[in-house]
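Structure first, commentary second.
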Amino acid sequence: MAGSTFGELFRVTNFGESHGPAIGCVIDGCPPGMALSEADIQPELDRRRPGTSRHVTQRSEADAVEILSGTYEGLTTGTPIALLIRNTDQRSKDYGNLLDTFRPGHADYAYWRKYGLRDPRGGGRSSARLTAPTVAAGAVAKKWLRLKHGTRFTGWMSQLGEIEIPFEDEAQIGENAFFAPNAAVVPQLEAHMDALRRAGDSCGARIEVRARGVPAGLGEPLYDRLDADIAYAMMGLNAVKGVEIGAGFRAVAQRGSEHGDELTPLGFASNHAGGVLGGISTGQDLVVSIAIKPTSSIRTPRRSIDRAGAPTLVETHGRHDPCVGIRATPIAEALLALVVMDHALRQRAQCGDVALALAPIPAGPSD
């Protein structure tokens with residue numbers, strides 16, 4: 001299937017289906033000599049893994065990653081790294097009633113019109129299950145960027161449905177099932193999800209993700225701008241309907257005297273640009289926000305048609321996330337890492353000597 005490879009120098013090709021025997025990816029372009037084992041990748045997969053709380057799908061997958069190639073004696077060799085994640089808890093019978101009908105808001109209809117057939121089991125290729133290999137590849141990119149540039153990635157949920165989540169403390173993000181940076185809001189989030197489950201409905205979410213310690217100079221003019229590639233990557237994530245860089249749509253109401261980030265001897269005075277100017281990184285934090293739509297697979301009966309065009313009602317059974325945004329934080333982090341990794345290798349290839357000749361200025365505040 002076309003459209004399954006991401007990146008130029010750090011290329012990731014994703015394969016598999018939700019209910020196939022396995023999913024995985026092949027990473028081409030990882031520099032040689034980096035220590036790499038399954039232990040470097042598994043913690044990131046565990047953050048995304050299903051079945052970790054009552055608020056997400058109860059599909060029970062270990063998501064245990066296997067490195068099949070690209071390492072020798074614990075070091076990357078520079079050759080393709082193949083990562084495999086076996087599917088072990090498929091329940092394809094849950095989707096038997098969807099073979100001839102289409103779920104509103106889901107990719108069923110679009111896939112059928114494009115290919116003339118589709119795999120209805122768990123959504124097949126359109127399933128969010130296919131984000132697991134992305135997270136695995138992102139773990140490899142994260143490690144290289146951390147070792148070479150000190151770059152670190154942090155994501156969190158800033159809104160669940162209509163509930164806004166004020167940022168309180170980064171340390172609280174990993175202490176709850178929602179990746180929420182505010183423990184005081186978690187009971188309200190839990191009650192909201194319980195009510196949605198009882199009603200057979202779903203909701204959307206907003207996820208924030210940042211990269212700190214990003215080298216200045218990443219990105220290309222015009223069509224390969226860093227922010228354009230970030231938006232492209234984030235829109236490739238299932239259910240994403242909007243991407244903001246920096247101030248995003250808030251820039252509409254700002255004046256130039258406010259939005260333009262002033263430069264001082266101590267660094268930038270603000271970061272409304274989100275760490276990118278003219279498509280090239282400034283050395284400030286990359287600041288990205290994504291909007292995720294409500295889950296399409298819900299128990300509430302919805303109007304649809306069958307393959308003959310006749311009207312019908314669709315009620316989706318099986319195990320689904322009432323809000324796919326709950327597990328989206330590590331995926332968004334991984335996608336941002338893949339973009340930064342690819343551009344870091346491009347910069348090293350073309351302009352590495354330039355970066356060494358210029359003294360950096362302080363990054364200043366993150367926003």
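The values are calculated or read from the model by the stated rules, or taken from the named source; none is laboratory data. Since this is a predicted model, take the numbers as computed values, not measurements. Here the Cβ positions follow ideal geometry from the backbone for every residue, glycine too, while neighbour counts run over all protein chains shown.
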Yes or no: THR5 surrounded by fewer than 21 Cβ atoms within 10 Å (Cβ to Cβ), modelled with pLDDT of 95 or more and polar (S, T, N, Q)?
-> yes
Please determine, by comparing only the residues of segment 114-172 that are polar (S, T, N, Q) and part of a loop (DSSP other than H, G, I, E, B), which one is nearest to the chain's Cα centre (by Cα).
-> SER127
If a residue has to be part of a loop (DSSP other than H, G, I, E, B), in contact with a Ser or Thr (Cβ under 6 Å, 6 or more places away or on another chain) and farther than 21 Å from ARG210 by Cα to count, how many in segment 263-313 make the cut?
-> 4
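So that you can scan it fast, the table gives a plain yes or no per residue for (1) basic (Lys, Arg); (2) more than 25 Å from ALA136 (Cβ to Cβ); (3) at pLDDT below 95:
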| position | (1), (2), (3) |
| --- | --- |
| HIS320 | no, no, yes |
| VAL324 | no, no, yes |
| PRO330 | no, no, no |
| ALA334 | no, no, no |
| VAL340 | no, no, no |
| ARG346 | yes, no, no |
| ASP353 | no, yes, yes |
| LEU358 | no, yes, yes |
| PRO365 | no, yes, yes |
Take the residues of segment 65-96 that are touching a Lys or Arg at 6+ places or on another chain (Cβ under 9 Å), loosely packed, with under 15 Cβ neighbours inside 10 Å and part of a loop (DSSP other than H, G, I, E, B): which is modelled with the highest pLDDT?
-> ASP89
Boolean, ALA211 is under 27 Å from GLU44 (Cβ atoms), surrounded by fewer than 20 Cβ atoms within 10 Å (Cβ to Cβ) and of a type outside the set (Val, Ile, Thr) | no
Taking the stated definitions as given, is ASP169 modelled with pLDDT under 95 and of a type in the set (D, E, K, R)?
-> no
Restricting attention to segment 1-34, and to residues there that are within 24 Å of ASN87 (Cβ to Cβ), assigned to a loop (DSSP other than H, G, I, E, B) and not charged (D, E, K, R), which single residue is nearest to the chain's Cα centre (by Cα)?
-> SER4
When segment 237-262 is checked residue by residue, the ones that are part of a loop (DSSP other than H, G, I, E, B) and exposed (fewer than 15 other Cβ atoms within 10 Å of the Cβ) are ALA253, GLN254, ARG255, GLY260, GLU262
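Please work out which residue is surrounded by the most Cβ atoms within 10 Å (Cβ to Cβ), limiting yourself to segment 173-208 and to residues that are in a helix (DSSP H, G or I) and among the acidic types (Asp, Glu).
Here the answer is GLU190.
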ALA233: part of a helix (DSSP H, G or I), surrounded by fewer than 18 Cβ atoms within 10 Å (Cβ to Cβ) and of a type in the set (A, V, I, L, M), yes or no?
-> no
